[in-house]
Amino acid sequence: MDKSALLKAILDELEKELRLLTDAANTAREEATDEESRAEDRYDMRSQSAAYLAAGQAKMAGETADALKVYQGLGPKSFGLQDPIATGALVQLQGGGRTGHYFMGPLRGGMEVAVGNTTVIVLTANSPLGRQLLGRRLGDRILIPGTAKPVEHVISAVE
């Protein structure tokens, strides 16, 4: 898989998320300051609720903007056959009759992006799976919790 295309897909997803969060924060801020949202009595909390929502969305937009900056500075990193998995690695796991693709990113674990016909999940070193993969190598085996029992997966590719 082309890591440049993967990083572009991550950047595109972060930019889309930032636009949505910024628009939502602006809408909530406008509602909070709108004349019609003014409290009609001391129990009317519409304006205050909208202000809290706007603040929360603005905070999330700021965190997304920070993540965007980090990913913009992250270039594609190559991994050799014996290199341990680290931030920047694209990992393929096979197990339980399935193949999964994971990118070890610095932030925003859990984000899913599509590159061609492949879905890649971003992991961080703070996630349970990310902690298991960090430092492992091609061919190593890990256990991932399953519905009945843990399922053994093999690291089948590290790029």
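The values are calculated or read from the model by the stated rules, or taken from the named source; none is laboratory data. Everything quoted here is computed from the prediction, not taken from an experiment. Using ideal geometry, Cβ is built from the backbone for each residue, glycine included, and neighbour counts are taken over all protein chains shown.
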Considering each of LEU143, LEU133, LEU138 in turn, give the residue that is farther than 17 Å from ASP2 by Cα, within 19 Å of the chain's Cα centre (by Cα) and either exposed (fewer than 15 other Cβ atoms within 10 Å of the Cβ) or not β-branched (Val, Ile, Thr) (or both). LEU133
I'd like the full set of residues that are in a loop (DSSP other than H, G, I, E, B), at pLDDT 95 or above and more than 16 Å from the chain's Cα centre (by Cα), limited to segment 84-116. PRO84, ILE85, ALA86
Does segment 23-40 contain any residue that is part of a helix (DSSP H, G or I), surrounded by fewer than 13 Cβ atoms within 10 Å (Cβ to Cβ) and at pLDDT 85 or above? yes
Among the residues listed as ALA67, ALA58, the single one being in a helix (DSSP H, G or I) and crowded, with 18+ Cβ neighbours inside 10 Å: ALA67
